[in-house]
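What follows is one structure encoded as structure tokens, with my remarks underneath.
The values are calculated or read from the model by the stated rules, or taken from the named source; none is laboratory data. Note that this is a predicted model, so its numbers are computed, not measured. Note that each Cβ is placed from the backbone with ideal geometry, even for glycine, and that neighbours are counted across all protein chains shown. The area values use the complete protein model at the heavy-atom level, side chains included, leaving out ligands, DNA and RNA. Shrake-Rupley method; radii C 1.70, N 1.55, O 1.52, S 1.80 Å.
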Amino acid sequence: MRKLIMLIFAVFLPLLCHGERGKSATDFFKGADSYTGLSFVTDGDVSVKADCGVRFRFSDATFILAAGLPSGKISSLPEIFGCENPLDVIVPRVGLGLSFSPVFLPFSIEANAGTLGFSGALSRMKSPDFSIGSALSSPYRPSGGISSSLPTFTSSRHPLAFSLLLSSSGKSLELPSVFFGLSEQKELFLSIYKSFSLWHIPVVSLSLNGGLFRHSREYNSSWFQKQRPYPEDGYFCAEIESSLVWSFFRHWAAASAVQCPYGGFDFWFRCADSLVLDGFTLNTAFFASTPGLITASGSVPGTLLELMLNPQVSFSLCKSKVQAGLSALGELDDEKNMEMKFRFDGSIQNARFRTALSASSSLVPDSESGGVAGDFSSRIYASCKFRSFSCSSSLSLKCTESSKTFSASASVTPAHGFVKSLSSDFSLSIKNGMLSGTSVSAGMELCKKWEKISVTGKFSAKLKNTY
């Protein structure tokens, strides 16, 4: 599979070279970036995490080569590097991306190869239920099908993959965008996306997404299992997505059929609507699935129904913009248990100052006591901009029935100079009325830039105490 991915990608190298013949070396080379990151954590023993890499950017190409060492104790490093295959421990990050428009074709080509990350509709097929995010979030937007991205200097481990995107170049009739992806895990992804206007609807978008996903559920030796095991294999998943956009109203919907490992298909449906007026926005969302849904990633969300309401207001006050929003998300799981989640977000900002407050809570009815159990968390954030630097700080508190966690952080970002940012964090945890742990950390990010080259280093240290 690896040889097939590299062979497919090599076909596009001559096309890139053909399109760059008329460009000088100065125009062709756009810049280079290098990154080094070291993080130390001490909690009785010292652990280290490291990342490094380099990225080259050209007019129609990007190449990145990086590696990471996950957090591990320094005492175990000789064993890690002494293993038969260090790549089993070290996280490789490699990617090559090409983007060009051949004069003899009516479409543009974007090709990526390496340890790619996939997003868009693919993320939704793997995790279709809603989560309660910021109450000041924008109205839901179409994903535009499936997309891929090259790895970053600190991205998590991904298998080798190849992707190809064909989109209209404007040379002829507007064509739909077609995406194809292939990974070394023998997974296939396909997406067709088109956006257009129809009658009195300014923007209409349609996409058809699907793929073959590999996952399994291993046998567990426990006496009782909610989910039966099944072997690793390729399971089919398809989704259709549509959206309608007016100046004051937006509608989005997606429906999917997922092959069940035990036979047949499972289904889910989700939609989102937004009313956008001057100073007021109302977002609503709905999700429903068949009981026992197993997603394209093999996960079992256990969510049967979801309904979310999110009103938002914004206005001007003394040359500042004020925003406030409240999200309420109700969930019903496969066992007919209900849970309510709430989140409030508010902010005041102007050209130099911004402060924000966020608070969230979840409530679960307790059938045994007849009461309600839940947790609560809040965060206050403030930032200021000055001529020579900017600074930010935050305070957060998270409370559950048996524990409380308090944390504070601060950072300073100079406008000029070698130091890019300085940061510090502090947190303490209390469990059952007793102090259970504390942590203190400090970090520094350095960056030196020349005309087309930048070098970045990020270093941090953390001291943890567990009682």
Provide the net charge surrounding residue 55, with neighbours chosen by a C-beta distance below 11 Å and charges set as Lys +1, Arg +1, Asp -1, Glu -1.
-> +2
Kirkwood hydrodynamic radius (C-alpha pairs) into Stokes-Einstein, the range 352-467, 25 °C and 0.890 mPa s, D in µm²/s | 144 µm²/s
Please report the orientation-averaged projected area of the range 155-288, defined via the convex hull of its C-alpha atoms, in nm².
-> 13.3 nm²
With +1 on the Cβ of every Lys and Arg and -1 on the Cβ of every Asp and Glu, the dipole magnitude of the chain about its Cα centre, in debye rounded to the nearest 20, is 1700 debye
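Could you order 54, 313 by accessible surface area, starting with the largest, using a probe radius of 1.4 Å? Intermediate results must be reported in sequence, preceding the final value.
Numbers: 54 45, 313 65 Å².
Ranked from most to least accessible, the order is 313, 54.
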Treating the beta-carbon of each Lys and Arg as +1 and of each Asp and Glu as -1, no other charges, what is the dipole magnitude of the range 84-243 about its Cα centre, to the nearest 20 debye?
-> 260 debye
Run through the DSSP bridge list for the chain and note the antiparallel percent, rounded to the nearest 5.
-> 95 percent
Beta carbons within 10 angstrom, averaged per residue: use that to sort the peptides 306-312, 434-440, highest first.
-> 306-312, 434-440
Find which of 380, 309, 255 sits farthest along the positive direction of the dipole of the range 243-389, computed with +1 on the beta-carbon of Lys and Arg, -1 on that of Asp and Glu, about the Cα centre.
-> 380
Hey, got the dipole for the range 327-467? About the Cα centre, +1 on K and R Cβ, -1 on D and E Cβ, debye to the nearest 20?
-> 1300 debye
Beyond 28 Å (Cα-Cα) in this structure, taken from 126/321; 321/458; 341/431; 431/458, we find 126/321; 321/458; 431/458
Cross-link pairs 385/462; 49/385; 398/448 - those with Cα-Cα distance over 30 Å | 49/385; 398/448
Cut-off of 10 Å, at most 14 other beta carbons, DSSP loop: longest stretch of the chain lacking such trypsin sites (Lys or Arg not before Pro) | 24-156
Sorted from largest down, what three extents in whole angstroms do the Cα atoms of the range 142-213 have along their principal axes?
-> 46, 27, 24
Put 46, 103 in order of accessible area, largest first, 1.4 Å probe: what do you get?
-> 103, 46
How many Å² of accessible area per residue for the chain, probe 1.4 Å?
-> 56 Å²
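For the chain, what does -39500 (n - 2.57) per DSSP helix run (n ≥ 4), summed and divided by total residues, give at 222 nm, in deg cm²/dmol to the nearest 500?
So the helix-based figure for the chain works out to -1500 deg cm²/dmol.
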Which net charge results when you count Lys and Arg as +1 and Asp and Glu as -1 among the other residues whose beta-carbon is under 13 Å from that of residue 145?
-> 0
On the accessible surface of the chain, probed at 1.4 Å, how many percent belong to carbon and sulfur atoms?
-> 62 percent
Return the Rg/Rh value of the chain, two decimal places, where both radii are evaluated on C-alpha atoms and Rh is the Kirkwood radius.
-> 0.97
